[in-house]
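First the structure, in the form of structure tokens, and then the observations on it.
The values are calculated or read from the model by the stated rules, or taken from the named source; none is laboratory data. As the structure is a computational prediction, the values presented were derived from the model and not from experiment. A quick note on method: Cβ atoms are made from the backbone with ideal geometry, for glycine too, and the neighbour counts reach across all protein chains shown. Remember, those area values only see protein heavy atoms, side chains included, never the ligands or the DNA or RNA. Shrake-Rupley method; radii C 1.70, N 1.55, O 1.52, S 1.80 Å.
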Amino acid sequence: MDGPPPFGADRLVTLADWQDPPGNRWAFQHVRELIPTARIRRGPGPVWELPRAERDLTGVRFGALGREWTVGEMLAGTQTDGFLVLHGGRVVTEVYDNGMEPDTPHLLMSVSKSVTAALAGVLVGDGALDPDAAVTTVVPELAGTSFDGATVQHLLDMRAGTRFDEDYDNLDADVRTYEQVYLWRPRTDPAAPPDALAYFPTLGNDGDHGGPFRYRSVLTDVLAWVLERASGRRFHEAVTRLLWEPMGAEFDADVTVDGHGNPMADGGVSMTLRDLARFGLLYLRGGERDGVPVVPRAWVEDTVRGAPDGAAAFVAHEPQEGFPAGAHYRNCWWVVDPAAGFLHGSGIYGQNVYVHRPTDTVVAKLSTWPTPLSAEEVDHGRRAGGVGGVPRLHVEVD
């Protein structure tokens, strides 16, 4: 899919409408052409090879939402750009649509948070970061702001007291100003801060730090600032050296940045489908690539196990429909079943990586829904036990 597609005979994708249909079907594979990005390099090392044992899964049937589906129907009905299943570390199926190719980077949206948290885990394992440290100890510039009293773990678990309205249907929500700061929208607010680091201190609190789980993307971007200070590197450089190269990524990735180079770590990472699957496999294998630690096993196990009060905190603010008892959010992963080891990273417009230990399976899916979370898709996701509106799929693969 070369070049920007027309909306009509005389209209192209622009910064004002790239997240809207039909432009997002092109834009999510061409973010570098719309927004400044910093490159996350794969480096000169060997690729983590994925052996192949391919099968056609499109006719496999499963039940969800009160009806029977085939995998092919699910892929077509959820605007799939790429779909890859690993079983036993082998590629069982790899499917592309909408012009996407194996080397095409695709926007992850909030799966980016899981990548950011993996970097945090590496730094914790190296002794460069204490998750119980105060945010202001690592970034003194945040002293006297709403982040006073918050810990790094509060950012990782979405349990800081920060007030942030992320309602995408509200044109006056905080997220709209936030997108302008990060150059995801044209600047229409003359009072918008010049960059992210100037934006963070403007936020107030509407709860206690360490309180209930409340999903607010801005916390992951504050976390990225913390990680830069802890690592002594820019975010994209730290991900390159500490995660992407050791993981054996096949292709470069990238992350969008604001006008002063600050990364949108909460949703601005783009990567290929295969490398997203490798990232999921890393968590399936306890943080190891072919037996060599990349992310500390203790960090991965902490993510799955969760905080002692994590399950209670997960439902304390509002019910989390579709999740079983004991589910929680930890280190920027949705943990559906900690006992079994079933977790996933999820992003709006249909981005997902699922890790399912009982079947030794990873599923990576990249999509371009017509809305961030349509009522029907949200309803589907909740009923099926998923997050982000994709029916939770259970397929037995021999």
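Taking segment 319-343 as the range and being at pLDDT 95 or above and among the small types (Gly, Ala, Ser) as the test, the residues that pass are Ala325, Gly326, Ala327, Ala339, Ala340, Gly341.
Assessment of segment 118-131 against the conditions (open to solvent by 20 Å² or more (accessible area, probe 1.4 Å) and over 23 Å from Arg233 (Cα atoms)) yields no matching residue. Check off (1) crowded, with 21+ Cβ neighbours inside 10 Å; (2) among the small types (Gly, Ala, Ser); (3) without any contact (Cβ under 8 Å) to a residue 24 or more places away in the chain for Gly59 and give me the number that stays unchecked. So the condition that Gly59 fails would be (1). Condition test on Ala265, is it in contact with an Asp or Glu (Cβ under 7 Å, 6 or more places away or on another chain) and surrounded by 23 or more Cβ atoms within 10 Å (Cβ to Cβ)? Criteria met by Ala265.
Any residue at all in segment 375-386 that is under 30 Å from Pro22 (Cβ atoms), modelled with pLDDT under 95, part of a loop (DSSP other than H, G, I, E, B) and open to solvent by 10 Å² or more (accessible area, probe 1.4 Å)? Within segment 375-386 (the criterion being under 30 Å from Pro22 (Cβ atoms), modelled with pLDDT under 95, part of a loop (DSSP other than H, G, I, E, B) and open to solvent by 10 Å² or more (accessible area, probe 1.4 Å)), the answer is no, since none of the residues qualifies.
So is Asp254 in a strand (DSSP E or B) and either β-branched (Val, Ile, Thr) or in contact with a Lys or Arg (Cβ under 6 Å, 6 or more places away or on another chain) (or both) or not? Judged against the criteria, Asp254 is a match. Here Ala298 passes the criteria (1) in contact (Cβ under 8 Å) with a residue 40 or more places away in the chain; (2) in a helix (DSSP H, G or I); (3) over 22 Å from Gly207 (Cα atoms); (4) open to solvent by less than 70 Å² (accessible area, probe 1.4 Å) except the one numbered (4). Taking segment 20-130 and the helices (runs of 4 or more DSSP H) fully enclosed by it, the elements with 3 or more residues that are under 20 Å from the mean Cα position of the chain (by Cα) and closer than 21 Å to Pro293 by Cα are at 111-125.
Here is the figure for segment 329-371: residues that are within 14 Å of the chain's Cα centre (by Cα), assigned to a loop (DSSP other than H, G, I, E, B) and more than 18 Å from Asp275 (Cα to Cα) total 4.
Go through segment 73-96 residue by residue and tally those that are surrounded by fewer than 16 Cβ atoms within 10 Å (Cβ to Cβ) and modelled with pLDDT of 95 or more. Please lay out each step first, then the result.
Taking segment 73-96 as the starting set, the residues that turn out to be surrounded by fewer than 16 Cβ atoms within 10 Å (Cβ to Cβ) are 73, 76-77, 88, 90.
Then drop every residue that is not modelled with pLDDT of 95 or more, which leaves 88, 90.
Count: 2.
Taking the criterion of being part of a helix (DSSP H, G or I), charged (D, E, K, R), surrounded by fewer than 24 Cβ atoms within 10 Å (Cβ to Cβ) and out of contact with any Phe, Trp or Tyr (no Cβ under 6 Å at 6 or more places or on another chain), the residues of segment 221-249 that qualify are Arg229, Glu237, Arg241, Glu245. Taking the conditions (1) out of contact with any helix residue (DSSP H, G or I) (no Cβ under 9 Å at 6 or more places or on another chain); (2) open to solvent by less than 40 Å² (accessible area, probe 1.4 Å) in turn, Thr162 satisfies each one other than (1).
Residue pairs whose Cβ atoms lie under 7 Å apart, sitting 6 or more positions apart in sequence or on different chains, and linking a residue in segment 63-75 that is more than 20 Å from Asn98 (Cα to Cα) to a partner that is in a strand (DSSP E or B) and open to solvent by less than 20 Å² (accessible area, probe 1.4 Å), are Trp69/Phe62. Note on segment 275-295: residues that are within 17 Å of His356 (Cα to Cα) and part of a helix (DSSP H, G or I) amount to 9.
If you go through segment 250-262 one residue at a time, how many are open to solvent by 10 Å² or more (accessible area, probe 1.4 Å) and closer than 22 Å to Leu219 by Cα?
Applying the first criterion (open to solvent by 10 Å² or more (accessible area, probe 1.4 Å)) to segment 250-262 yields 250-252, 257, 259-262.
If we keep only those that are closer than 22 Å to Leu219 by Cα as well, we get 257, 259-262.
Within segment 250-262, residues that are open to solvent by 10 Å² or more (accessible area, probe 1.4 Å) and closer than 22 Å to Leu219 by Cα number 5.
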